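The structure under discussion appears below in the form of structure tokens.
Each value in this text was obtained by applying a stated rule to the coordinates, not by laboratory testing. As the structure is a prediction and not an experimental result, all values here were calculated from the model. Backbone-built Cβ (ideal geometry, glycine too); neighbour counts: all protein chains shown.
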Amino acid sequence: MNNSISEIVVAVMGIGGTLSSALLTQRSANRLRLRELEDASRQRIEDREHATRESRIEARRVCYASLNAAALDYLTVLSNFSYALEAGNVTDEIRSEIDQARRDHRARHADAQMILSNAVMAAADKVSKTAGQVYGVLKRLDSGNTHPEESIEAARASIREFWDHLWVMRREMRKDVGIGAPD
């Protein structure tokens, strides 16, 4: 009987070992599959975050290009207006151009305020403020209703200041979208 009990015990142990081996293998496979799913989920999250970052950078780049182009156009029109004013050749068409350039710049600046980084916003505000000052001086010179310190020369000095602020704004824009080395 001893022999039969031992055989039964050995058989039960063998069956138990076989079953537990299958369970352990299944459990290990489940853990591996769970890790794979977690890794895939983490990768999808990282990919989405990367796509979102890239999309935001592209939106800023487009906005910055538009704002920069509007500022350059405004600067060109202000310069042209100053030369026409000096030569006494200001026409209604030139007056219309300066007003349109101002409106375009203001619209681009307003759009950009929702997207600009703080550094770019500070630089863009200086550009906008300087442009507004130059515009005001030139319009007053055109109407003959000037302040004592206002002249074509003073307006051109402000236009040079406008250029300086524009360069700073462009540098900040480029840094913000990852072009060029930060200072």
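Cross-link partners among lysines for K175, C-alpha distance below 29 Å, same-chain residues fewer than 8 apart left out?
Hits, sequence-local ones excluded: K126, K129.
Can you work out ³J(HN,Hα) from phi for every residue in the stretch 26-39, in order, using Karplus 6.51 cos²θ - 1.76 cosθ + 1.60 and θ = phi - 60°, giving whole Hz and x for Gly and Pro?
With coefficients 6.51, -1.76 and 1.60, one gets 5, 4, 5, 5, 5, 4, 4, 5, 4, 4, 4, 5, 5, 5 Hz.
Using just the alpha carbons, could you tell me how many Å³ per residue the convex hull of the stretch 1-98 encloses?
Details: hull volume 5.8 nm³, N = 98.
So the per-residue Cα hull volume is 59 Å³.
With a Förster radius of 41 Å, plug the Cβ-Cβ distance of I8 and R31 into 1/(1 + (r/R0)^6) and report the FRET value to the nearest 0.05.
Details: r = 34 Å, r/R0 = 0.83.
So the FRET efficiency works out to roughly 0.75.
Across the stretch 89-94, in residue order, what do the Karplus-derived ³J(HN,Hα) couplings come to in whole Hz, using 6.51 cos²θ - 1.76 cosθ + 1.60 with θ = phi - 60° and x for Gly and Pro?
Once θ is set to phi - 60°, the couplings for the stretch 89-94 become 10, 6, 10, 4, 5, 5 Hz.
Hey, got a sec? Which GluC sites (Glu not before Pro) in the stretch 107-158 land in a DSSP loop and have at most 12 other Cβ atoms within 10 Å?
Working: sites: E149, E150, E153; in loops: E149, E150.
Sparse-neighbourhood loop GluC sites (Glu not before Pro): E149.
Given the options D104, D92, D164, which has the most mean-square fluctuation in a GNM of the chain, springs set between C-alpha atoms less than 10 angstrom apart?
D92
With n ≥ 4 as the cut-off for DSSP H runs, can you work out [θ] at 222 nm for the chain, using -39500 (n - 2.57) per run divided by the number of residues, rounded to the nearest 500? It would help to have the intermediate numbers written out before the result.
Working: 4 runs with 158 residues, N = 183.
That calculation yields -32000 deg cm²/dmol at 222 nm.
Which whole-number percent of Cα pairs in the chain have a distance greater than 27 Å?
Details: 9049 of 16653 pairs.
Counting pairs separated by more than 27 Å, the tail of P(r) holds 54 percent.
Round to the nearest 0.05 the FRET efficiency obtained for E161 and E49 when R0 = 45 Å and r is the Cβ-Cβ distance. Don't skip to the end; give the middle numbers.
Numbers: r = 41 Å, r/R0 = 0.91.
It comes out at approximately 0.65.
Got a sec to turn the phi values of the stretch 96-102 into Karplus ³J(HN,Hα) couplings, 6.51 cos²θ - 1.76 cosθ + 1.60 with θ = phi - 60°, whole Hz, x for Gly and Pro?
Residue by residue, the stretch 96-102 yields 5, 4, 5, 5, 5, 4, 5 Hz.
Just S128, S117, S20 to compare: in a GNM of the chain, with alpha carbon springs under 10 Å, which one fluctuates most?
Comparing S128, S117, S20 in the GNM, the peak value goes to S20.
Determine, for V77, V134, V62, the number of other Cβ atoms within 10 Å of each Cβ, and report the residues in order from fewest to most. Could you put the intermediate results ahead of the total?
Working: V77 21, V134 25, V62 12.
By the 10 Å Cβ count, ascending, the order reads V62, V77, V134.
By how many nm would the segment from D125 to R140 grow when fully extended, if each residue of separation counts as 0.36 nm and the alpha-carbon distance is taken off?
3.2 nm
State, to one decimal in nm, how far the label point of D39 lies from the label point of A69, with both points 7 Å from Cα in the Cβ direction.
Simple spin-label model gives 4.6 nm for this pair.
Calculate the length of the line joining the C-alpha centroid of the stretch 127-148 to that of the stretch 1-47, in whole Å.
Comparing the Cα centres of the stretch 127-148 and the stretch 1-47, I get a distance of 83 Å.
Mind giving me the nanometre distance, one decimal, between the label points for A22 and S151, set 7 Å out from Cα along Cα→Cβ?
Rounded to a tenth, the inter-label distance reads 10.2 nm.
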